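Chemist: There's a structure below that I have some questions on.
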Amino acid sequence: MRFSLFALLLLVSGLGQADANPLEPFFSPADYYQASLAPDGRHFAVSANVDGSANLIILNTQSRKPVAMFTTERYREIDQFAWVNSERVVFSQSISRGWLDYPLYTGELFALNIDNSRKFPVAGWAAGDSSGAFSVLHTMPKEQKKIRVVRRPIKNESIYEARPSAYTLDVYKRPRRQTGTNLNRSPLRDRIISPYPWGSFITDNNGEIRIAWHIDREGLLKISLLDQENEWQPLDEFTPDPKKLLRGLGSPIIGFDPDNTGIYYLAEGRHRTAALIHYNLNSGKRQVLFEHGKFDISRQDAIRASDGEIVGVNLLGTFPEAVFFSDHPEVEALKRVYASFPYQRVRVTNYSENAELALIDVRSDRNPGALYLLNRAKSTITPLLARRSKVDPEQMRTRDPFVIKNELGMSLYGFMTLPEKSSQKPPLLVIPHGGPHGTADTFLFDSEAQFFAQQGYAVLQINFRGSGGYGAELLEAGARQWATGMIDDIEIATRWALQQEFADPRRVCVYGGSYGAFAALSSVIKTPELYQCAAGYAGVYDLTMMYDSDIPFVPAGMAYLKQVLGTDEASLKAQSPAYNADKIQVPIFIAHGGQDERAPISHAESLRDAMDQHGVSYEWMIEPDEGHGFYDTDHRLAYYQRLLNFLNKHTAIESASR
């Protein structure tokens, strides 16, 4: 049985539901995004988009009926949220102007009770502190009213130029108006200052500050440990390779072990994949807990017991697979839970305080996500909510993993999503992922792949060189290969799919968003005979403009661009679609947001001007108020309808035969 959060809210509000657009199940906001169980297990909280607004909603666990709700302003999302105790939730917000954007957090913290009372801001601009940005570090289980937060001073309109501080914050006190230099009258106490500019802190399981970390503008990661005298001591021997920017710009530390004497972290192992390691802070001893020979481990892959011990990992290189390596007494019960959902990714969201209850999130290639309540005492699993209740998993298509080799002998992993069989071979739609470095397509539900498969397309997705999840060799091989090696890998995968007779070679198009748009245009420039059309969404088309995007404004952003792109202008132009429009021989569809900061509208305009100059046939869709991808649901649905019409036009039998 699938439960819709929207339907439950309709019961409460008395609203009616209009007939759904067939695009809506795939491209409307999900019913919920994040979920967390209250310490006593009687309620759970979810972030959700209802009627165009983002909300934090608290529901009764037994009835699944909403009991409290906080609604954000337009373009705001619920970012972090956590239970302070069984009656109060604290949360932050972020701003998202684009569907493909990374949300920009506002630095404000809010709180509300399960009876919808005491709903007010507790930190940040909305609480009267206009010179600091806050986020939650830990909920401090030994405290009932306080949490641990980090405050980042805002200097020169940036949070990257001053040292952050950690505080305890009483979330029951409504702050009085204050300035950033007069915090003594606020609910903030117990200040600890980071030894580094920017960065953040890591707490132990009690919410005590133990570690500070920072990444400088050259990409050097620095980590320090707070000793018993409250002095910061550098952990130089722990710091990973400072130039591994492609691994990401965050801390590799996952968290503390149950007794707070050691930490779990990720580092490159002997197979050059990301391994899970335990480090004892007292003895300095390291123990590799798990390393796969082909697939990386990420922090989201960790499987924890109720006491916080990491007892296994979820692998997603091909099919979902759970691997357990601990003799913890809860492992056998966890194995039974995972066995209840074969070929699906199971993740325990969190446990109740007495560890009898847990929320679990279950997803697969056909299941976009479902939330369940695990009762460990009764050995029952009860469905709570469906992430996309309008999607019927039984009607979705399977995603079939495959692996091929490129010309360098590297293994490339990908996925084919095939439509229902018909009397003729389907058209092929190649969808390169965005990023491109460190991101990847996985086995899990993909709205675009499922939608286009439902429309009769065979969908090909390939993790080309530079993709994440498959080891350092493949990841590093993508540096400065945006229009060369990466595009070669996409071509190899496309030709392989056609050789396997998955699709009609006369009806092939390539489409992507962000870097995927760059790859789509670059593909038809390199091999125009292979494709009948290409489409780009929020695309990068001129690499010389990348240094004018928002990336250089984050720490190590400039160093990252230099590593993955280089600085030679001639080389950047040679790889850019905007400087190679004379080679485009197929119809193009370009969609872009006028407020895009990651790939500014000048990218699309530069490409458009070049296509006009060389007589390229193209369609054009601009939404002036949108960012990196279309945030507004109506705009997004209109875009996908335009995209489908464009693809159908140029993959029709009569079109392909011309």
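The values are calculated or read from the model by the stated rules, or taken from the named source; none is laboratory data. The shown structure was predicted, so the numbers you read here are calculated from the model rather than taken from an experiment. Cβ atoms come from the backbone with ideal geometry, glycine included; neighbour counts cover every protein chain shown. Ligands, DNA and RNA are stripped out before the accessible areas are found, and what is left, the full protein with its side chains, is counted by its heavy atoms. Shrake-Rupley method; radii C 1.70, N 1.55, O 1.52, S 1.80 Å.
Chemist: Test residue 641 against the criterion of being under 22 Å from residue 511 (Cα atoms) and outside any helix (DSSP H, G or I), and give yes or no.
Modeler: no
Chemist: Additional query: Of all residues in region 577-614, which are under 14 Å from residue 528 (Cβ atoms) and either open to solvent by 60 Å² or more (accessible area, probe 1.4 Å) or part of a loop (DSSP other than H, G, I, E, B) (or both)?
Modeler: 580, 582, 583, 584, 585, 586, 587, 614
Chemist: So residue 16 clears everything in (1) at pLDDT below 95; (2) assigned to a helix (DSSP H, G or I); (3) farther than 26 Å from residue 374 by Cα except one condition, right? Which one?
Modeler: With (1) at pLDDT below 95; (2) assigned to a helix (DSSP H, G or I); (3) farther than 26 Å from residue 374 by Cα applied to residue 16, the lone miss is (2).
Chemist: What number of residues in region 344-361 are within 15 Å of residue 42 (Cα to Cα), open to solvent by less than 20 Å² (accessible area, probe 1.4 Å) and in a strand (DSSP E or B)?
Modeler: Within region 344-361, residues that are within 15 Å of residue 42 (Cα to Cα), open to solvent by less than 20 Å² (accessible area, probe 1.4 Å) and in a strand (DSSP E or B) number 2.
Chemist: Ok, one more. Taking the options 159, 193, name whichever one is over 16 Å from residue 91 (Cα atoms), open to solvent by 20 Å² or more (accessible area, probe 1.4 Å) and modelled with pLDDT under 90.
Modeler: 159
Chemist: Still on this structure, please answer the following. Go through region 321-341 residue by residue and tally those that are touching a Phe, Trp or Tyr at 6+ places or on another chain (Cβ under 7 Å) and either over 20 Å from residue 381 (Cα atoms) or β-branched (Val, Ile, Thr) (or both).
Modeler: So the count comes out to 3.
Chemist: Which residue out of 122, 136, 89 is over 30 Å from residue 434 (Cα atoms), under 25 Å from the mean Cα position of the chain (by Cα), in a strand (DSSP E or B) and at pLDDT 90 or above?
Modeler: Just a single option satisfies the conditions, and that option is 89.
Chemist: Just checking, does region 26-37 include any residue being crowded, with 20+ Cβ neighbours inside 10 Å, farther than 29 Å from residue 89 by Cα and at pLDDT 55 or above?
Modeler: So far as region 26-37 goes, yes, one or more of its residues are crowded, with 20+ Cβ neighbours inside 10 Å, farther than 29 Å from residue 89 by Cα and at pLDDT 55 or above.
Chemist: Which members of region 253-294 meet the condition of being open to solvent by 50 Å² or more (accessible area, probe 1.4 Å), within 24 Å of the chain's Cα centre (by Cα) and at pLDDT below 95?
Modeler: Matches in region 253-294: 268, 272.
Chemist: What do you reckon, is residue 536 surrounded by 24 or more Cβ atoms within 10 Å (Cβ to Cβ), on the phi < 0 side of the Ramachandran plot and not in a helix (DSSP H, G or I)?
Modeler: When the stated conditions are applied, residue 536 passes them.
Chemist: Turning to a different aspect of this structure: Name the pairs: first residue in region 261-283 and closer than 18 Å to residue 210 by Cβ, second residue in a strand (DSSP E or B) and hydroxyl-bearing (Ser, Thr, Tyr), Cβ to Cβ under 6 Å, at least 6 apart or on different chains?
Modeler: Pairs found: 262/279; 263/279; 277/265; 278/264.
Chemist: Follow-up question, since we're still on this one. Looking for something over 30 Å from residue 544 (Cβ atoms) and not in a helix (DSSP H, G or I) - is there at least one such residue anywhere in region 619-632?
Modeler: Yes; the residues of region 619-632 include at least one that is over 30 Å from residue 544 (Cβ atoms) and not in a helix (DSSP H, G or I).
Chemist: For region 559-570, which positions are surrounded by fewer than 17 Cβ atoms within 10 Å (Cβ to Cβ) and either touching a residue at least 24 places away in the same chain (Cβ under 8 Å) or in contact with a strand residue (DSSP E or B) (Cβ under 7 Å, 6 or more places away or on another chain) (or both)?
Modeler: Residues satisfying the conditions are 566, 569.
Chemist: Can you tell me which residue is modelled with the lowest pLDDT among those in region 47-83 that are part of a loop (DSSP other than H, G, I, E, B) and among the charged types (D, E, K, R)?
Modeler: Of everything passing the filter in region 47-83, 51 is modelled with the lowest pLDDT.
Chemist: May I pose another question? All but one of (1) of a type in the set (D, E, K, R); (2) touching a helix residue (DSSP H, G or I) at 6+ places or on another chain (Cβ under 6 Å); (3) open to solvent by 20 Å² or more (accessible area, probe 1.4 Å); (4) within 30 Å of residue 297 (Cα to Cα) hold for residue 491; which doesn't?
Modeler: Failed condition: (2).
Chemist: I've got another one for you. Out of region 362-399, which residues are surrounded by fewer than 19 Cβ atoms within 10 Å (Cβ to Cβ) and in a strand (DSSP E or B)?
Modeler: Those that are surrounded by fewer than 19 Cβ atoms within 10 Å (Cβ to Cβ) and in a strand (DSSP E or B): 375, 380, 381, 382, 383.
Chemist: Being in a loop (DSSP other than H, G, I, E, B) and either free of Cβ contacts under 8 Å to residues at least 60 places away in the same chain or polar (S, T, N, Q) (or both) narrows it down to one residue among 319, 341; which is it?
Modeler: 341
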